[in-house]
Structures are given as C-alpha cells and as structure tokens.
Amino acid sequence: MKNILIIFTGGTFSMKIDRETNSAVPYYHGEELLKIIPEADKKANISVYEFGNYPGPHMTPELMLELSEIVKKYINQNDTDGIIITHGTDTLEETAYFLDLTVKTEKPIVVIGAMKTSSEPDWDGPKNLLDAISIINNPNSGNMGVLVCLNGEINAASEVTKTHTEDIETFHSLDFGSLGFVENDRVIFNRLPRKLETFETAKINSNVDLIKVYAGMNEKFFKFSADSGADGLVVEAMGVGNVPPKAFEGIKYVLEKGIPVVLVSRCPAGETLDIYGYEGAGKWLKKAGVIFSDYLNGQKARIKLIVCLGITNDTEKLRSMFEDE
C-alpha cells in the first residue's frame, strides 16, 4: 500500500452540529476523524498532520504559505507517495490554487472538503477522503498539479470553482470541464490540466485588493484602494473585459500610482480580451497598462498576484507571468 499523508486544516469536514446553537462548528481533529472513517486505513498507510481546525473563511494567504512549506517538506520525502489536504470549501479553490502555484512535484496532491457535517446522515466527508486515496493510488495521477476532488469529480486546482452555496455538486470547472472522476474506487482521467505553472518564492505580498465592476460605477473604490496603500489590484470587469468610463478613470488613477492592475471577467466562465474599442473597453485598458488574465476568476487572479508580487513588483515582469505569448 502507498504511504499517504493527510493534512487536516479544518472546514465543514471536521464540524458537527452544536445542539445549543443549532449551528455547525469546528469539532473533530484528524485522528478522531480517521477513527470514524476506518476504511481509509485499509486502502493506504495513513499518517496525519494536524495543521489546524480553521473554518474556510478563516484561511489567509499567510496560512496558505505556511501550508505550502509543510507540503513541500513532506512531498519531497521518499516515504511519502502523496498528500491529501482537508479544507473548508469557502476558500478551498484559493488554497488549492496557491499550492498549485508554489509546490512543484510529480507526486499527487489532492485537496478535499465536505458540504455536509458529520452530524448529518448524508455527510460527504468520508467518500471524498476515500476517493482522494483512490486518486493517489492510481498510477495516472502524477504530474497533474494539485487536484480537487469532491462528489467523485476530479478537477484541476487552476480551473475549479465553487458554484453553489449548499449543493454537494458544487465544485466545477466551468470553462473546460472536469479532468475525470472516481467511481467505485476506479479513477478515470479524460484529459490533462490546461495549464501547469509553478513559481519559486519563499514570500508573498497579500496586500492586494479585489474590486467588482457594476453598471454606473465611478472611480471611488479604485482611488480608495490606491490611496490606502494597496500593492496590487484585481478588477472583475464586465463581459470580455470592459468597464464604465468613470471606472476607467479610477483604474488609470491606480496605474499612475505604479500599482499593477490585473483584469478578469465577472462572468463565471470565459476569458478577457481586448476586442472592444470604446472608452473603458478592453483596447483602452490594455493601452493604459492593465494586465489581462485569461480564464482566471477574481479570487484566483488575486492569489496569483499575491504569489507573483512576492517575486517582483515590476509590471512588465508581472505581465509575462499572467499573459500568454
């Protein structure tokens, strides 16, 4: 059997319903969870690392960096064949993508979570954990980057997003579809991730804002971001990458302060392109110096900018990290 390290970080996976408040709260630690999922020990040699018991919204880029260093330490050991990370679903895609950008390995890393607590009869945590073990046991799972697996669907960390607030079938890759699936312990891969990239860095800069554009928007929030000292800005633009004229003035203000601006779309799928030429449209944004970020959503683009700003704050170098040739 393979040697698998499970890093427990918390999330709904580790929660139960508190009867006094009738709400889900952190409860179990890793060793306790494995005792109520005894099938795991039959599928692999399991060891446990207790990273913490964080609800998804409590995760920060600094914690992600700490987790990344732990993953790098253990994944490079000869007696580790793969790593599973349990995580809160609210920020799961961000942590998974952070690890995808900062950990270079041929060995499989699978991030999982749960949409139901252990107090509910349809708790999905055990199945997700057992599916992740099956993925690591599969010989085709190497060189795939960080994977995300919930509800039997395998997705690339760089492509997946949470699409529904409560549904168990919430994690999907809207642009390209899943990489594969797990069914009755069988792992089927249909394709490779579209893009794999890793950046060597020991530090990050999390002072990056994310602003969503809306109809009739003016320059107020952009000026506030720049004047309050942000080191980077991600803008969720309309459609293929367009903003209202006054919002464009705000973006120019940010750029004039020497702050890099990365553009994504507020649409749930599709890329950003400079194909329109009216004021505030993609052509104007590109000419002003905005960096376009193909298929990344806002939260992922922010994670990437946080990582890349740990390497350089030179806008043209950042552009080469985001924009395909």
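The values are calculated or read from the model by the stated rules, or taken from the named source; none is laboratory data. As the structure is a prediction and not an experimental result, all values here were calculated from the model. Positions of Cβ are backbone-derived with ideal geometry, glycine not excepted, and every protein chain shown enters the neighbour counts. Surface accessibility is based on the protein's heavy atoms, side chains included, excluding ligands, DNA and RNA. Shrake-Rupley method; radii C 1.70, N 1.55, O 1.52, S 1.80 Å.
Among the residues of the range 161-174, write down those that are in contact (Cβ under 8 Å) with a residue 60 or more places away in the chain and either part of a strand (DSSP E or B) or surrounded by fewer than 16 Cβ atoms within 10 Å (Cβ to Cβ) (or both). Reasoning before the result, please.
Pass one, the range 161-174, residues in contact (Cβ under 8 Å) with a residue 60 or more places away in the chain: 161-163, 170-171, 174.
161, 162, 163, 171, 174 - these are the residues of the range 161-174 that are in contact (Cβ under 8 Å) with a residue 60 or more places away in the chain and either part of a strand (DSSP E or B) or surrounded by fewer than 16 Cβ atoms within 10 Å (Cβ to Cβ) (or both).
Restricting attention to the range 262-285 and to residues that are aromatic (Phe, Trp, Tyr) and assigned to a loop (DSSP other than H, G, I, E, B), the residue that is surrounded by the fewest Cβ atoms within 10 Å (Cβ to Cβ) turns out to be 278.
Consider the range 117-157 and keep the residues that are in contact with a helix residue (DSSP H, G or I) (Cβ under 7 Å, 6 or more places away or on another chain) and in a loop (DSSP other than H, G, I, E, B). The one that is farthest from residue 33 (Cα to Cα) is 145.
Kindly check whether there is at least one residue in the range 86-96 that is of a type in the set (D, E, K, R), closer than 27 Å to residue 163 by Cβ and modelled with pLDDT under 95. Show your work before the answer.
Residues of the range 86-96 of a type in the set (D, E, K, R): 90, 93-94.
Going one step further and asking which of them are closer than 27 Å to residue 163 by Cβ, we end up with 90, 93-94.
From what's left, modelled with pLDDT under 95: none.
No, because not a single residue in the range 86-96 is of a type in the set (D, E, K, R), closer than 27 Å to residue 163 by Cβ and modelled with pLDDT under 95.
Residues in the range 275-300 that are at pLDDT below 95 and of a type in the set (D, E, K, R): 1 in all.
Screening residue 259 on (1) open to solvent by less than 50 Å² (accessible area, probe 1.4 Å); (2) within 29 Å of residue 177 (Cβ to Cβ) shows it passes everything except condition (2). Scanning the range 5-29 for residues that are within 22 Å of the chain's Cα centre (by Cα) and open to solvent by less than 50 Å² (accessible area, probe 1.4 Å) yields 5, 6, 7, 8, 9, 10, 11, 12, 13, 14, 15. Condition first: open to solvent by less than 40 Å² (accessible area, probe 1.4 Å) and basic (Lys, Arg). Now tell me which residues in the range 290-318 satisfy that. Within the range 290-318, 300, 304 qualify. If you check 126, 108 for being over 12 Å from the mean Cα position of the chain (by Cα), surrounded by fewer than 21 Cβ atoms within 10 Å (Cβ to Cβ), within 22 Å of residue 49 (Cβ to Cβ) and in contact (Cβ under 8 Å) with a residue 24 or more places away in the chain, only one passes: 126. Evaluated against (1) touching a residue at least 60 places away in the same chain (Cβ under 8 Å); (2) farther than 23 Å from residue 116 by Cβ; (3) surrounded by 12 or more Cβ atoms within 10 Å (Cβ to Cβ), residue 203 falls short on exactly one condition, (3).
When the range 74-115 is examined, which residues are found to be out of contact with any helix residue (DSSP H, G or I) (no Cβ under 7 Å at 6 or more places or on another chain) and either in a loop (DSSP other than H, G, I, E, B) or hydrophobic (A, V, I, L, M, F, W, C) (or both)? The answer is 75, 76, 77, 78, 79, 85, 96, 104, 106. Is it true that some residue in the range 62-71 is outside any helix (DSSP H, G or I), open to solvent by less than 20 Å² (accessible area, probe 1.4 Å) and not β-branched (Val, Ile, Thr)? No, the range 62-71 contains no residue that is outside any helix (DSSP H, G or I), open to solvent by less than 20 Å² (accessible area, probe 1.4 Å) and not β-branched (Val, Ile, Thr).
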